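Mind having a look at this structure? Questions to follow.
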Amino acid sequence: MNFDRVDEIIDRYGADQANSLAVLQDIQREYNYLPREALVHAAGRLGMTTGEIYRLATFFSSFSLQPKGRFVCKVCLGTACHVLGGPRIVETLERELGIKPGETTADGKFSLEAVRCLGACALGPVVVVNEEPHAYMTPDKATRLIQRLSASAEGSDATGAVVASAVDETASA
Ligand code: FES
């Protein structure tokens, strides 16, 4: 593994254990998960043991030690979203993607996660794809969203454009 990007991240914050959380967040943003080699390298530079950095990485549920898909689809199953139809969105995405929550498609395009309240209960059911929220989700919208994301996965700049168009559709619904 090339550690140039990891070193750039550490240099940006400073090679100090106090910055370890911010460093891990940026490493995950860079790779979409926390590669083992990157953690070991970062631990050395931050003056931490491998055990210490693993404890930090496993303490927060937002960190993943497993590779994730290009599009991480989080479906809220908090109380409000559950009542508003969240489970039907999960069922739709399971069917469309052929995976269960916690899994990633074999082609590496999609990961599916069921999460608790995302703090936007009035907009439920809520789905977040990477960092982009999608409000008032329905099974039909979820199907169309997956179709667009899947089709766009070939393009290098697809994420922003496709998600933006999906948000537009949500807003106009
Ligand atoms: S329950 Fe889904 S955003 Fe709060």
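The values are calculated or read from the model by the stated rules, or taken from the named source; none is laboratory data. Everything numeric in this text was worked out from a predicted model, so none of it was measured. Cβ atoms come from the backbone with ideal geometry, glycine included; neighbour counts cover every protein chain shown.
Only one of (1) touching an Asp or Glu at 6+ places or on another chain (Cβ under 9 Å); (2) basic (Lys, Arg); (3) within 12 Å of the ligand (Cβ to nearest atom) fails for Arg116. Which number is that?
Only one criterion in (1) touching an Asp or Glu at 6+ places or on another chain (Cβ under 9 Å); (2) basic (Lys, Arg); (3) within 12 Å of the ligand (Cβ to nearest atom) is unmet by Arg116, namely (1).
Turning to a different aspect of this structure: Of the residues that make up segment 124-137, is at least one within 12 Å of the ligand (Cβ to nearest atom), closer than 22 Å to Gln25 by Cα, modelled with pLDDT under 95 and part of a loop (DSSP other than H, G, I, E, B)?
No, segment 124-137 contains no residue that is within 12 Å of the ligand (Cβ to nearest atom), closer than 22 Å to Gln25 by Cα, modelled with pLDDT under 95 and part of a loop (DSSP other than H, G, I, E, B).
Filter segment 14-31 down to residues that are part of a helix (DSSP H, G or I), farther than 21 Å from Ser111 by Cβ and in contact (Cβ under 8 Å) with a residue 12 or more places away in the chain, then give me how many there are.
Residues in segment 14-31 being part of a helix (DSSP H, G or I), farther than 21 Å from Ser111 by Cβ and in contact (Cβ under 8 Å) with a residue 12 or more places away in the chain: 5 in total.
While we're here: Out of all the residues in segment 113-130, which are of a type outside the set (A, V, I, L, M) and over 17 Å from the mean Cα position of the chain (by Cα)?
Cys121, Gly124, Pro125
For segment 32-59, which positions are free of Cβ contacts under 8 Å to residues at least 12 places away in the same chain and aromatic (Phe, Trp, Tyr)?
If the condition is that a residue be free of Cβ contacts under 8 Å to residues at least 12 places away in the same chain and aromatic (Phe, Trp, Tyr), then Phe59 is the only one that fits.
Need the failing condition index for Gln66 against (1) part of a loop (DSSP other than H, G, I, E, B); (2) within 16 Å of the ligand (Cβ to nearest atom), just the number.
It is condition (2) that Gln66 fails.
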